[in-house]
Amino acid sequence: MEKKVNQKAWFFVLPVVLLVAFSALIPLMTVVNYSVQDTFGNNAFFWAGTDWFTDILRSERFHSALWRQFLFSGIILAIEVPLGIAIALAMPRRGLWVPVCLVLMALPLLIPWNVVGTIWQVFARVDIGLLGHTLANLGIDFNYTQDPLDAWITVVVMDVWHWTSLVVLLCYAGLQSIPDAYYQAARIDGASKWAIFRYIQLPKLHRVLLIAVLLRFMDSFMIYTEPFVVTGGGPGSATTFLSIDLVKMAIGQFDLGRAAAFSIIYFLIILLVSWAFYTVMTGKTKESDR
Amino acid sequence: MARIELNRLAHAYMPNPQSRADFALKEFDLTWDDGGAYALLGPSGCGKTTLLNIISGLLAPSHGRVLFDGHEVTGLPPEARNIAQVFQFPVIYDSMTVYDNLAFPLRNRKVPAAEIDRRVHEMAEMLEMTRELKRKAKGLTADAKQKISLGRGLVRDSVNAILFDEPLTVIDPHLKWQLRSQLKHLHKRFAHTMIYVTHDQTEALTFADKVVVMYEGEVVQVGTPDELFHRPAHTFVGYFIGSPGMNVLPCAVNGASARVGEHEIALRGGYEPPPAGSKIELGVRPEFVRLGREDGVPVSVERVDDIGRYRIVKAKLDGIPFSALMPEGAEIPADDARVRFDASAVNLYVDDHLWP
């Protein structure tokens, strides 16, 4: 059947387009404007072409921040997604405990990001922090302000604490949508717990996992507030992720042209990787639809 | 294939059932013969699915025992009972091919690959799905999916019983007949013990040799379709089966006749006087009610519905409503109508149960 093309839809989309233009497109254009020019104040601009872009792409500083960023996103995805699925599977399917579990899970998500950072900054301090001090008393040499590995561990654990709940809630919703008959049929078929997970639960989780992976990737790739509050990007530049580096460049050094080019490259990387995730994961669905 | 015995079986979903009303399934004994085709018929919420899940082992009964061929299986999990169950909504494993779906129960039981292959092909042939074996199960139609769920049960060696829980609910009407006759055919060929849950009387009566009728957690009658029609053991059976259902008229009984309102109705023979204070009713199917001008008890005709071969007449006898089924062309008197009940088809009910 051929669908009738209805031009009226444009009128409904128009308000959103205008809103997005003001909130996103126009500011983005300013950034584009900065990225191809150089300025020394006084509103005097000089054409710079692609100089800033080549500069950024060649800079060692950008490469190491980018590498750190991918490592960070990789680690937290590798922890949060399996952990989230495991917790969602362990949560009760029905009964009195369901709302309790849900509220407990939702709590970390409700805390403002800089507060999360402050909580962990204090929590992990060796002198007064519960965690840091306990570790010190146990004889473990832990200091996130001096040791790069400790700083990484702190930031990763903080992110896992903060965001695993999101994966849990998404997966839990996915699991709840599986009818009882599937579990009953699996029992009659003599399926093991693993087979139930592999052939019933995981296929049904496919879509929510796609969303979870995308959200967690994008968010972790743009992470700023929490590591900024906890480590400030240090020690040295051990936890200087892309956004922290970008802010240093733009606000700290007031290097607007370079920072603008950085922003655009940053944006394109996120767009590209998200698109790749999406294509790979939905491509698999299409194949199974055949 | 097995003979299934239910021994003083009862089930309550709550932990400490106090009264009879707390039981979703009230205590009863029942034997399902080996190789029988049974229908489990009753309205929604009468305990059909509960009973089915107890037989398959998905639910542990709170009281009583379940025996397969004399062996107690009450405590056994479903996978140890070797039964097949088809659910209301088709259950298939989306990510697998049809072949893998059918092979799944065998692989879970560590059957050798060559044996799996042989049985899957055999099953596909039986279900007429050989061509779809390599396909993903996801895109199939509802009836094909339902056939796969059935196949997943049957692919195992000599299943004890096949249980169907309203399996045709999501199937298109024109395919329902086709699938049901395929089931009948399978039953003839392999003589499995089959239990088919439904709330649709046509489905039950066309599928089964014996129908088990349930009502409010009780098994009210087990009988052939003919018995259910001619001798309903409970007023509910009379009312639920038949279209329209049996007329149930309150009466007083006196030997060989019953008194309905101000009028005497002849009965089949002499009845023992029922215990005082009980509810006494007379049941007669609309098929055995004749309206005419000449003899019988005067009634008032209220409305006539023409349904093609028959007309359904709604009338009142001394203010008590009843219906009659009149063949095409028969005269239906508008006034001065009189009714006659076929005495051999009139049953007597005391407190809703058939009075012998």
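Being small (Gly, Ala, Ser) and either touching a Lys or Arg at 6+ places or on another chain (Cβ under 6 Å) or in a loop (DSSP other than H, G, I, E, B) (or both) narrows it down to one residue among B:330, B:324; which is it? So that I can check it myself, show each step before the final result.
Working: B:324 fails: either touching a Lys or Arg at 6+ places or on another chain (Cβ under 6 Å) or in a loop (DSSP other than H, G, I, E, B) (or both).
Sole residue among the options that is small (Gly, Ala, Ser) and either touching a Lys or Arg at 6+ places or on another chain (Cβ under 6 Å) or in a loop (DSSP other than H, G, I, E, B) (or both): B:330.
Condition first: away from chain A (no Cβ under 12 Å) and among the hydroxyl-bearing types (Ser, Thr, Tyr). Now tell me which residues in the stretch B:137-168 satisfy that.
Once the filter is applied, which keeps residues that are away from chain A (no Cβ under 12 Å) and among the hydroxyl-bearing types (Ser, Thr, Tyr), the stretch B:137-168 yields B:141, B:158.
Does residue A:267 qualify as being out of contact with any Asp or Glu (no Cβ under 7 Å at 6 or more places or on another chain), open to solvent by 40 Å² or more (accessible area, probe 1.4 Å), at positive phi and of a type in the set (Phe, Trp, Tyr)?
On the way: out of contact with any Asp or Glu (no Cβ under 7 Å at 6 or more places or on another chain): yes; open to solvent by 40 Å² or more (accessible area, probe 1.4 Å): yes; at positive phi: no; of a type in the set (Phe, Trp, Tyr): yes.
So residue A:267 fails the test.
Against the conditions (1) open to solvent by 80 Å² or more (accessible area, probe 1.4 Å); (2) assigned to a helix (DSSP H, G or I); (3) touching a strand residue (DSSP E or B) at 6+ places or on another chain (Cβ under 8 Å), where does residue B:27 fall short? Just the number, please.
With respect to (1) open to solvent by 80 Å² or more (accessible area, probe 1.4 Å); (2) assigned to a helix (DSSP H, G or I); (3) touching a strand residue (DSSP E or B) at 6+ places or on another chain (Cβ under 8 Å), residue B:27 is out only on (2).
Does the stretch B:165-173 contain any residue that is buried (at least 16 other Cβ atoms within 10 Å of the Cβ), more than 19 Å from the chain's Cα centre (by Cα), of a type outside the set (Val, Ile, Thr) and at pLDDT 85 or above?
no
I'm trying to understand the selection: among the residues of the stretch B:124-137, which are within 20 Å of residue B:95 (Cα to Cα) and assigned to a helix (DSSP H, G or I)?
Of everything in the stretch B:124-137, those that are within 20 Å of residue B:95 (Cα to Cα) and assigned to a helix (DSSP H, G or I) turn out to be B:124, B:130, B:131, B:132.
So which residues in the stretch B:60-88 are closer than 25 Å to residue B:147 by Cα, open to solvent by 40 Å² or more (accessible area, probe 1.4 Å) and in contact with a strand residue (DSSP E or B) (Cβ under 8 Å, 6 or more places away or on another chain), if there are any at all?
Correct list: B:88 only.
Residues that are open to solvent by 50 Å² or more (accessible area, probe 1.4 Å) and touching a residue at least 12 places away in the same chain (Cβ under 8 Å): does the stretch A:179-197 have at least one?
no
Considering only the stretch B:274-293, I want to know if a residue exists there that is open to solvent by 40 Å² or more (accessible area, probe 1.4 Å) and without any contact (Cβ under 8 Å) to a residue 40 or more places away in the chain. Spell out the reasoning first.
The first filter runs over the stretch B:274-293 and keeps only residues open to solvent by 40 Å² or more (accessible area, probe 1.4 Å), leaving B:275-277, B:279, B:287-288, B:290, B:293.
Add one more test, that the residue is without any contact (Cβ under 8 Å) to a residue 40 or more places away in the chain, and what stays is B:276-277.
Checked against the condition, which is being open to solvent by 40 Å² or more (accessible area, probe 1.4 Å) and without any contact (Cβ under 8 Å) to a residue 40 or more places away in the chain, the stretch B:274-293 yields at least one hit.
Could you check the stretch A:127-145 and list, in sequence order, the residues that are over 16 Å from residue A:233 (Cα atoms) and open to solvent by less than 50 Å² (accessible area, probe 1.4 Å)?
Keep residues of the stretch A:127-145 that are over 16 Å from residue A:233 (Cα atoms), which gives A:127-142.
Listed by number, the residues that qualify are A:129, A:132, A:135, A:136, A:142.
Look through A:170, A:166, A:205 and report the one residue that is buried (at least 19 other Cβ atoms within 10 Å of the Cβ), in contact (Cβ under 8 Å) with a residue 24 or more places away in the chain and within 12 Å of chain B (Cβ to nearest Cβ). Outline the logic, then answer.
Working: A:170 fails: within 12 Å of chain B (Cβ to nearest Cβ); A:166 fails: within 12 Å of chain B (Cβ to nearest Cβ).
Checking each option against the conditions leaves just A:205.
Out of A:225, A:279, A:239, A:231, which single residue is without any contact (Cβ under 8 Å) to a residue 60 or more places away in the chain, more than 25 Å from residue A:50 (Cα to Cα) and within 20 Å of the chain's Cα centre (by Cα)?
Numbers: A:225 fails: without any contact (Cβ under 8 Å) to a residue 60 or more places away in the chain; A:239 fails: without any contact (Cβ under 8 Å) to a residue 60 or more places away in the chain; A:231 fails: without any contact (Cβ under 8 Å) to a residue 60 or more places away in the chain.
One residue alone meets the criteria, A:279.
Based on what the data block shows, is residue B:86 assigned by TED's automatic domain parsing to the domain that holds residue B:73, within 16 Å of residue A:189 (Cβ to Cβ) and modelled with pLDDT of 85 or more? Step through it out loud before you land on a result.
On the way: assigned by TED's automatic domain parsing to the domain that holds residue B:73: yes; within 16 Å of residue A:189 (Cβ to Cβ): yes; modelled with pLDDT of 85 or more: yes.
In short, yes.
Here are some residues: A:277, A:197. Which one is within 14 Å of another protein chain (Cβ to nearest Cβ) and out of contact with any Ser or Thr (no Cβ under 6 Å at 6 or more places or on another chain)?
Details: A:277 fails: within 14 Å of another protein chain (Cβ to nearest Cβ).
Matching residue, one of A:277, A:197: A:197.
List the number of the failed condition for residue B:248; all other conditions in (1) under 24 Å from residue B:42 (Cβ atoms); (2) open to solvent by 20 Å² or more (accessible area, probe 1.4 Å); (3) out of contact with any Gly (no Cβ under 7 Å at 6 or more places or on another chain) hold.
Checking residue B:248 against (1) under 24 Å from residue B:42 (Cβ atoms); (2) open to solvent by 20 Å² or more (accessible area, probe 1.4 Å); (3) out of contact with any Gly (no Cβ under 7 Å at 6 or more places or on another chain), the one that fails is (3).
Quick grid of which residues meet (1) of a type in the set (A, V, I, L, M, F, W, C); (2) within 32 Å of the chain's Cα centre (by Cα); (3) within 14 Å of another protein chain (Cβ to nearest Cβ); (4) surrounded by 18 or more Cβ atoms within 10 Å (Cβ to Cβ):
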| site | (1), (2), (3), (4) |
| --- | --- |
| B:97 | no, no, yes, no |
| B:102 | yes, yes, yes, yes |
| B:114 | yes, no, no, no |
| B:117 | no, no, no, no |
| B:122 | no, yes, no, no |
| B:129 | yes, yes, no, yes |
| B:135 | no, no, yes, no |
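The values are calculated or read from the model by the stated rules, or taken from the named source; none is laboratory data. These numbers were taken from a predicted model, which means no experiment stands behind them. Glycine gets a Cβ as well: all are built from the backbone with ideal geometry, and neighbour counts include every protein chain shown. Accessible surface areas use protein heavy atoms only, side chains included; no ligands, DNA or RNA. Shrake-Rupley method; radii C 1.70, N 1.55, O 1.52, S 1.80 Å.
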